[in-house]
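The values are calculated or read from the model by the stated rules, or taken from the named source; none is laboratory data. These numbers come from a predicted model, not from an experiment. Quick reminder, even Gly has a Cβ in these numbers, built from the backbone with ideal geometry, and neighbours come from all protein chains shown.
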Amino acid sequence: MKKLAALGMLLAAGWTLAGPAGAATHTVKIEGMQFVPATLTVQRGDTIVWQNKDVVPHTATAQGGFDSGNIAAGRKWSHAMKKAGSYDYVCTFHPGMKAKVVVQ
Ligand SMILES: [Cu+2]
């Protein structure tokens, strides 16, 4: 039990170092040529991790918002959402892949 408590404290310290108090991390899976979830709402300051579970590269690209560049198969890209707004984004390699992030 003592070991578990120590691990818990380490994890708590890790969260504190990760960003401002209250900031959360969200994951968007890229799987089967789709962004899942297709619409994600987060709070300003939160971080989104795009995780490419496909066997082909993708991007997460919002005009005037953010651009992951190439996310190779099996890799991920994370981005802190600093500005409120509604961001429609696509994969530039597969423009039919569309999704949205809303930052409140
Ligand atoms: Cu793609």
For this session: Name every residue in segment 28-51 that is touching a Phe, Trp or Tyr at 6+ places or on another chain (Cβ under 8 Å) and without any contact (Cβ under 8 Å) to a residue 40 or more places away in the chain, in order of residue number.
Result: K29, V49, W50
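If only one of G22, G8 is at negative phi and modelled with pLDDT under 95, which one is it?
Answer to the selection: G8.
Here is a yes/no grid of residues against (1) in contact (Cβ under 8 Å) with a residue 24 or more places away in the chain; (2) touching a helix residue (DSSP H, G or I) at 6+ places or on another chain (Cβ under 9 Å); (3) away from the ligand (no atom under 16 Å from the Cβ):
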residue: T61; (1), (2), (3): yes, no, no
residue: N70; (1), (2), (3): no, no, no
residue: G74; (1), (2), (3): no, no, no
residue: V90; (1), (2), (3): yes, no, no
residue: Q104; (1), (2), (3): yes, no, yes
Exercise. Is it the case that G96 is touching a strand residue (DSSP E or B) at 6+ places or on another chain (Cβ under 9 Å), at positive phi and either within 14 Å of the ligand (Cβ to nearest atom) or not β-branched (V, I, T) (or both)?
Worked result: no
